[in-house]
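One structure below.
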Amino acid sequence: MSKSHSPLCVAALYCFTPFEDCAALRAPLAALCDDLGIRGTLLLAHEGINGTIAGTDAAIDEVLAHIRTLPGCGELDVKFSTAETMPFHRMKVRIKREIVTMGEAAIDPRASVGTYVAPEDWNALISDPDTIVIDTRNDYEVTAGTFIGAIDPQTKTFREFPQWFRAERERLLGTGTPPKVAMFCTGGIRCEKSTAFLKAEGIDDVYHLKGGILKYLETVPAEDSLWQGECFVFDQRVAVGHGLAPGTYELCHGCRRPVSAEDRASPLFETGVCCPACHEERTDEQRIRYRERQKQETLAHARGEAHIGAKEKHDGDGPA
């Protein structure tokens, strides 16, 4: 797909492919990103690559061309969006055990996955009364938005999904003819594993939204959409809406959860410190530390300097 001429291009990408030596791939990839002024996060594991990066169109094109030369990455899955300002603080290229952490070593999306459903066909599938729809994202993501009628597993990390499904399987599928199972996530990568997991559990009629929520919001007009709310993304944009337009959520720098306008009006919200969701999770000592961090960030901003805030705490299952 073509990219717009907005100041910055954001590329969410992934590819499941066997990498024998991740360390050998990491150094040249990190050096190239640094040389081109790219920021974001790329994860390398023996099962492939995943991440989101931002930079100029030309710089992104060069990095993607390099990634496509890596073993098995010729058909790299990439989704483009734009940002008016740089949505990441730094560039990180990390080696992980998994490019999206599920914790099920036997699951291999290259061997078996669910049936892909194009965004334009998704509404018909999830409107079918014989289909159950499962949101595979984490609880803090679902608060910003989801599809009408979708089941929220209320997981804190993707690692909890297998245990949740095994515990809820009978309630979800019943004892008669099982329903079709449709699953979705931000950019598609988690559903590669969640559908492979269900297939391994003996569930055959499994589907997932190709390109994830991001592709749906880009493709399906708002007037035809079954999406409610906004889509949480793992960068400083926080959330996007239909047409991938910037959303209305901000990020709580105390817990990294999305914060709505209603949340920001709460007496439990303090910029850079806490929000209604995490106020009781933090100690007085932590709040003092966060206030000092926020003070330094405010002072740096006044001087026209960048200040790196809290490190992200998510488990690597980003928008790709």
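The values are calculated or read from the model by the stated rules, or taken from the named source; none is laboratory data. This one's a predicted model, so the numbers in the text were calculated from it and none came from an experiment. Glycine also receives a Cβ, built like all others from the backbone with ideal geometry; neighbour counts cover every protein chain displayed. What goes into the accessible areas is simple: the full protein's heavy atoms, side chains included, and nothing from ligands, DNA or RNA. Shrake-Rupley method; radii C 1.70, N 1.55, O 1.52, S 1.80 Å.
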Test set (1) at negative phi; (2) under 20 Å from the mean Cα position of the chain (by Cα) - residue 103 fails condition number: (1)
Restricting the stretch 238-248 to residues that are in a loop (DSSP other than H, G, I, E, B) and open to solvent by less than 50 Å² (accessible area, probe 1.4 Å), the residue that is nearest to residue 214 (Cα to Cα): 241
Residue 169, sole failed condition from (1) buried (at least 16 other Cβ atoms within 10 Å of the Cβ); (2) part of a helix (DSSP H, G or I); (3) over 16 Å from the mean Cα position of the chain (by Cα): (1)
Residues that are of a type in the set (A, V, I, L, M, F, W, C), surrounded by fewer than 16 Cβ atoms within 10 Å (Cβ to Cβ) and part of a loop (DSSP other than H, G, I, E, B), drawn from the stretch 97-148: 105, 106, 111, 118, 148
Enumeration of residues in the stretch 37-58 that are of a type in the set (Val, Ile, Thr) and buried (at least 18 other Cβ atoms within 10 Å of the Cβ): 38, 41, 49, 52, 53
For residue 251: the one exception among (1) surrounded by 20 or more Cβ atoms within 10 Å (Cβ to Cβ); (2) farther than 18 Å from residue 138 by Cβ: (2)
Total residues in the stretch 204-229, condition surrounded by 17 or more Cβ atoms within 10 Å (Cβ to Cβ) and assigned to a strand (DSSP E or B): 6
For residue 318: the one exception among (1) surrounded by fewer than 17 Cβ atoms within 10 Å (Cβ to Cβ); (2) at pLDDT below 95: (1)
Residue match in the stretch 184-194 (condition: modelled with pLDDT of 95 or more and open to solvent by 20 Å² or more (accessible area, probe 1.4 Å)): no
Enumeration of residues in the stretch 260-298 that are in a helix (DSSP H, G or I), open to solvent by less than 90 Å² (accessible area, probe 1.4 Å) and of a type in the set (Asp, Glu): 263, 292, 297
Counted residues, the stretch 59-76 - those being out of contact with any Gly (no Cβ under 6 Å at 6 or more places or on another chain) and either part of a loop (DSSP other than H, G, I, E, B) or open to solvent by 70 Å² or more (accessible area, probe 1.4 Å) (or both): 10
Test: residue in the stretch 3-20 that is open to solvent by 50 Å² or more (accessible area, probe 1.4 Å), in a helix (DSSP H, G or I), within 26 Å of residue 236 (Cβ to Cβ) and not hydroxyl-bearing (Ser, Thr, Tyr): no
